Amino acid sequence: MSVVSEAAKVGNAEEPVIIETGKYARLTDGSVVVKQGGTAVLVTAVMSDEKNEEIDFTPLSVDYRERGSAYGKIPGGFTKREGKPTDREILVARVIDRPIRPLFPEGFFHDVVITALTLSADDKYDPDVLAITGASAALHISRIPFEGPIAGLRVCRVNGQFVANPTYEQRKEADLDLIVAVSRDAIVMVEGGAKEVPEEVLADALYFALEAGRELIEAQERLRQKAGREKFVFEPLTLPPELHEALERECAPKILEAFKIKDKKERYAALDRILEEFVELHQVPEEHLFALKYFYKKLESKLMREKILNEGVRIDGRRPDEIRPISIEVHPFERPHGNAVFTRGQTQAYVSATLGSPDEALIVETIAEGEVFKRFMLHYSMPPFSVGEAKPWGPPRRREIGHGALAERAIEPVLPPEEDFPYIIRVVSDILESNGSTSMATVCGASLALFDAGVPIRDNKHVAGIAMGLIMEGDRYVILSDILGDEDQLGDMDFKVAGTRDGITSVQMDIKVKGITREIMLEALEQARRGRLYILEKMYEALPEPRKEPSPYTPKIEVVEVPEEKAPLIIGPGGSTVKQIYDETGVKIWVGEGGKVFLTVYPGADAEKARKMIQDIVREVEVGGVYEGKITRVEPYGVFVELWPGKTGLLHVSKMAEPVKSATEKYKVGDQIKVRVLELDDLGRPRFTTVGLEGEEKQLKPGDVVEGKVVRVESYGAFIEYAPGRTGLLHVSRMKERVRDARQKFKVGDKVKVKVVELDEQGRPKFTDDV
């Protein structure tokens, strides 16, 4: 196959998107490379020749991989190679999967695997949306049946203007960031976050995306005309006509009766019994069972939709806009820093918030910024018991990672800035009961748990979420609020919206039909807004503002600022100094940027001692000053003397008052010794002497009068040497004749008689010349 390439202008994007096929991965059913700027993604599609008869849904799997080499990095870790998919890769795989999954024909059960591999990643364009377009293009030109194409693009609002496929720099300035998938005349999928934007802005963004994506659709059509393969003809699922008719005739009335059962488990059991009884009555042969179950599910869906459209009543008896009963427990358990249980109908989330030290931030490798520290994490978990299944609880699945990311986006815009609240925040949502809208229950529970933990949320704003549905038949449609698990699959538009009283912070939509006008979209968003406000009222009743005092089990974080160039001294070689501070005080130390040192103080830790140790480490030693220290290391050529933690210098044998051939003859580790600072080396480390200290006069005391010589003069005072190597300060404020600048009165070498007023903490005298 020759290389075929098509280019498309995406709205007002700075550079075009180029789709190319025929050069790479030619053993697949379809492969393309999608490029924008210096970013390029290879996407392949492969289909099995045999039908998969073990599952009754489209057996599609999507993998997305980012190689460090794509942006010039070697992976971290011991193995220096990529491992299991990262959360970012899983989330991108999900936004590829969701828009293409509904576009496989009904009854198509051949395994399809989509693989996206980032080949190159520049510092402008994110490969995620290119991978969505690539998946569609690979399927469209392949033999695989596919009712596309679709286009993937990102829409941001920057300074009030919508931008298609913005650069990373533009995204930093955006108050709305959406990934949107569109077909020729319909919005298919939406995933994104915002900073409390109104519903009208979201709707405008979606229809902007619909227009901007049309050229990508046309480019894929041209690509298929030049390089497309003949589509595979598959055998759709069928039932013998008489069996199909009997299924609808006999089971429909029983299904409608079962729909009246409000309890989820009882309703499911009743629906299963109806099918089992039908199979037994008609002695359905084994070869028809798979198809029978498939058409039975379709009958359930059809009857549920008709019931809602015709009667305006849902299977649990609610009106379309009615929200299930809500109950809220705040701080039901003692030890978590913050926790809440949010229950809505048969959906229940236990959400806890934990506040940690800066060193507990999650380090994430990103294409745009390299390694970044993530200060807020929200993890969602749905154990099997939440739906009554007898299964072991395994590691997080893709759905759980996706739901956690959706809820995290919802909460993040209202968190306090890091400079005001330096804690690392982790929220965990454990779903205890599941019957629809668990991700939105997580949003509500997370907001309550953070309030309970005393996190100073911006403007005391709670965030609530609601899951919505839309059913359309011709001109008729019904919008559903707070959908059940059963209603999640039957809708033509399933969407989740989270936000505050002032606007939307997170959104996720899957739209399966064409013809949703802007008016219908706005009506659906407005009904979601009313539902969100109703839930918010319940949350404010339970906990109107963040607690003034955190839990007694929450660590306190203090910030000490030190000269930036001295911050590495606090860390010490291999982290030895911070470890020593922790061992002696129980306080965890994290050295940040700009000379900020974070002290995480747990109950029982000695914060005052930790602060003093830090102050000692960055404290200046004065040349000529005499200090008492401890020997920490002995070598033949000298001893290392620690004045205080982090301040160690060398006393060489040649500078000792009584020189020895080897320092080991005279000193041992742990000895206390008095030394004078001779000088500081290039790294600021002191070099000591003991010459002149042995047999010195006793320490001066306040009131003593001595004669000395001026050895240094500054504007604020004169330094007087009263004994060899011993100096004290005569400050201008203590001079008999007051002057603004000591240099007006004294010069180096002057003889002066002074009296000791006081001694500083290192025993150095402070003088007056008023003798």
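The values are calculated or read from the model by the stated rules, or taken from the named source; none is laboratory data. The structure presented is a predicted model; accordingly, all values stated were derived computationally and were not measured. Because the Cβ atoms are built from the backbone with ideal geometry, glycine has one as well, and the counts that use them run over all protein chains shown. Ligands, DNA and RNA are stripped out before the accessible areas are found, and what is left, the full protein with its side chains, is counted by its heavy atoms. Shrake-Rupley method; radii C 1.70, N 1.55, O 1.52, S 1.80 Å.
Note down, for the range 218-351, the three equivalent ellipsoid semi-axes (square root of 5 times each alpha carbon gyration tensor eigenvalue), biggest first, whole angstrom.
On the way: eigenvalues 296, 164, 56 Å².
Semi-axis lengths for the range 218-351 are 38, 29, 17 Å.
Roughly how many Å² of Leu432 are accessible to a 1.4 Å probe, to the nearest 10?
Rounded to the nearest 10, the figure is 60 Å².
Determine, from the Cβ-Cβ distance of Glu14 and Lys73 and an R0 of 35 Å, the FRET efficiency 1/(1 + (r/R0)^6), rounded to the nearest 0.05.
Details: r = 25 Å, r/R0 = 0.70.
Between Glu14 and Lys73 the formula returns 0.90.
Please quote Rg/Rh for the range 450-573 to two decimal places, taking the Kirkwood radius as Rh and restricting both calculations to Cα atoms. List each step's numbers first, then the result.
Numbers: Rg = 22.3 Å, Rh = 18.0 Å.
Taking Rg over the Kirkwood Rh, I get 1.24.
For all pairs of alpha-carbon atoms in the range 58-114, what percent lies in each bin of width 10 Å, listed from the first bin to the last filled one?
Whole-percent P(r) values from 0 Å outward: 20, 40, 24, 14, 3.
In whole Å, largest first, what are the principal axis extents of the Cα atoms in the range 557-615?
31, 22, 15
Whole number please: convex hull volume per residue of the Cα set in the range 163-226, in Å³?
Measuring per residue, one finds 88 Å³ for the Cα hull of the range 163-226.
Heavy atoms only, probe 1.4 angstrom, no DNA, RNA or ligands counted: give me Glu564, Glu433 ranked by accessible area, highest first.
Working: Glu564 120, Glu433 70 Å².
Most to least solvent-accessible, the answer reads Glu564, Glu433.
Give me the base-10 log of I(q)/I(0) for the range 511-640 at each q in 0.15, 0.22 Å⁻¹, Debye formula, one uniform scatterer per Cα, rounded to two decimals.
-0.86, -1.30
Points 7 angstrom from Cα along the Cβ direction at Gln161 and Glu545: gap in nanometres?
In this crude spin-label approximation the distance works out to 4.1 nm.
Compute the length gained on full extension between Lys172 and Arg81: take 0.36 nm times their separation in residues and subtract their Cα-Cα distance, giving the result in nm to one decimal.
Difference between extended and current length: 29.8 nm.
How large is the convex hull of the C-alpha atoms of the range 72-148 per residue, in Å³? Working shown, then result.
On the way: hull volume 9.3 nm³, N = 77.
Dividing the Cα hull volume of the range 72-148 by its residue count gives 121 Å³.
Quick one: length gained pulling Glu519 to Glu593 fully straight, 0.36 nm per residue minus the C-alpha distance?
21.7 nm
Assuming R0 = 35 Å, what is the FRET efficiency of Val623 and Glu665, from their Cβ-Cβ distance, to the nearest 0.05? Don't jump to the answer; show the numbers that get you there.
Values: r = 29 Å, r/R0 = 0.82.
After rounding, the FRET efficiency stands at 0.75.
Just reorder Trp393, Trp590, Trp644 by solvent-accessible area, largest first, 1.4 Å probe, all chains present. Intermediate values should be presented prior to the final figure.
On the way: Trp393 135, Trp590 80, Trp644 15 Å².
Accessible-area ranking of Trp393, Trp590, Trp644, largest first: Trp393, Trp590, Trp644.
Leaving out ligands, DNA and RNA but keeping every protein chain, what accessible area does Thr585 have, in Å² rounded to the nearest 10, with a 1.4 Å probe?
Near enough 10 Å² of accessible area.
Rg and Dmax of the range 284-349, using alpha carbons, in Å: what are they?
Cα-based Rg and Dmax for the range 284-349 come out at 20.0, 58 Å.
Roughly how big is the range 488-562's charge dipole about its Cα centre, with Cβ charges of +1 (Lys, Arg) and -1 (Asp, Glu), in debye to the nearest 20? Before the final figure, lay out each step's value.
Details: 12 positive and 14 negative charges, 19 e Å.
Result for the range 488-562 is approximately 100 debye, rounded to the nearest 20.
Provide the descending list of Cα extents for the range 111-208 along its principal axes, expressed in whole angstroms.
Here the Cα extents, ordered largest to smallest, are 44, 31, 18 Å.
Sticking with the crude label model, points 7 Å out along Cα→Cβ, report the distance from Ala252 to Thr366 in nm, one decimal please.
Once both label points are built, they end up 5.4 nm from each other.
Could you tell me, in Å, what Rg and Dmax come out for the Cα atoms of the chain?
When restricted to Cα atoms, the chain yields Rg and Dmax of 36.0, 122 Å.
To the nearest 0.05, what FRET efficiency results for Glu608 and Asp682 with a Förster distance of 41 Å applied to their C-beta separation? Could you put the intermediate results ahead of the total?
Working: r = 34 Å, r/R0 = 0.82.
The value I calculate is 0.75.
With every atom except the alpha carbons ignored, what do you get for Rg and Dmax of the range 280-398, in angstroms?
22.7, 66
Taking only the alpha-carbon atoms of the range 577-700, what semi-axes of the equivalent ellipsoid follow from 5 times the gyration tensor eigenvalues under a square root, in whole Å, largest first? Intermediate values should be presented prior to the final figure.
Details: eigenvalues 193, 46, 40 Å².
Largest first, the range 577-700 gives 31, 15, 14 Å.
What is the dipole size for the range 626-771, taken about its Cα centre, with +1 at each Lys and Arg Cβ and -1 at each Asp and Glu Cβ, in debye to the nearest 20?
On the way: 28 positive and 24 negative charges, 60 e Å.
Dipole about the Cα centre, nearest 20: 280 debye.
Can you give the accessible area of Arg319 in Å² (nearest 10), computed on protein heavy atoms with a 1.4 Å probe?
Around 140 Å² of this residue is reachable by solvent.
Of Lys51, Lys254, Lys548, which has the most accessible area with a 1.4 Å probe, and how do the rest follow in descending order?
Values: Lys51 65, Lys254 100, Lys548 160 Å².
These residues rank, largest area first, as Lys548, Lys254, Lys51.
How much accessible area per residue does the chain have, counting only protein heavy atoms and a probe of 1.4 Å, in square angstrom?
On the way: 35920 Å² over 771 residues.
Each residue of the chain exposes 47 Å² on average to a 1.4 Å probe.
Using a probe of 1.4 angstrom, how much of the accessible area of the chain is carbon and sulfur, in percent?
Numbers: 18010 of 35920 Å².
Carbon with sulfur: 50 percent of the solvent-accessible area.
Net charge around Pro422, counting only other residues with Cβ within less than 10 Å of its Cβ (Lys, Arg = +1; Asp, Glu = -1)? Mind showing how you got there, number by number?
Values: positive: Arg375, Lys596; negative: Glu418, Glu419, Asp420, Glu558.
Residues near Pro422 contribute -2 overall.
Once each part is reduced to its C-alpha centroid, what is the distance from the range 625-683 to the range 376-407 in angstrom?
59 Å
Magnitude of the Cβ-charge dipole of the range 1-114, K/R +1 and D/E -1, about the Cα centre, nearest 20 debye?
Numbers: 15 positive and 18 negative charges, 149 e Å.
Using Cβ point charges on Lys, Arg, Asp and Glu, the range 1-114 gives about 720 debye.
Over the Cα atoms of the range 1-134, what is the Rg over Rh ratio if Rh follows Kirkwood? Don't jump to the answer; show the numbers that get you there.
Values: Rg = 16.1 Å, Rh = 16.2 Å.
Rounded to two decimals, Rg/Rh equals 0.99.
Any idea what diffusion coefficient the range 662-771 gets from Stokes-Einstein, in µm²/s, Kirkwood Rh on alpha carbon pairs, 25 °C, 0.890 mPa s? Each step should come with its number before you reach the end.
Details: Rh = 15.6 Å.
Answer, rounded: 157 µm²/s.
To one decimal place, what orientation-averaged projected area in nm² is obtained for the convex hull of the Cα set of the range 450-494?
On the way: hull surface 19.4 nm².
Computed as one quarter of the Cα hull surface, the answer is 4.9 nm².
Lys and Arg at +1, Asp and Glu at -1: add these up for the other residues within a Cβ distance under 9 Å of Gln672 and post the number.
Working: positive: Lys630, Lys674; negative: Glu628, Asp671.
Surrounding charge for Gln672 is 0.
Once the piece of chain linking Arg530 and Asp475 is laid out straight, how much longer is it, given 0.36 nm per residue of separation minus the C-alpha distance between them?
Numbers: separation 55, 0.36 × 55 = 19.80 nm, distance 2.38 nm.
Result for the pair: 17.4 nm of gain on full extension.
Taking only the C-alpha atoms, wrap a convex hull around the range 248-311 and report its volume per residue in Å³ as a whole number.
On the way: hull volume 5.2 nm³, N = 64.
Convex hull volume per residue, Cα atoms: 81 Å³.
In deg cm²/dmol, rounded to 500, what helix-only [θ] at 222 nm does the chain give when every DSSP H run of at least 4 residues adds -39500 (n - 2.57) and the total is split over its residues? All intermediate terms of the calculation are to be shown ahead of the outcome.
Details: 15 runs with 212 residues, N = 771.
Using -39500 (n - 2.57) per qualifying helix, the result is -9000 deg cm²/dmol.
Beyond 12 Å, what share of the Cα-Cα pairs of the range 240-280 remains, rounded to the nearest whole percent?
On the way: 479 of 820 pairs.
Of all Cα-Cα pairs in the range 240-280, 58 percent lie more than 12 Å apart.
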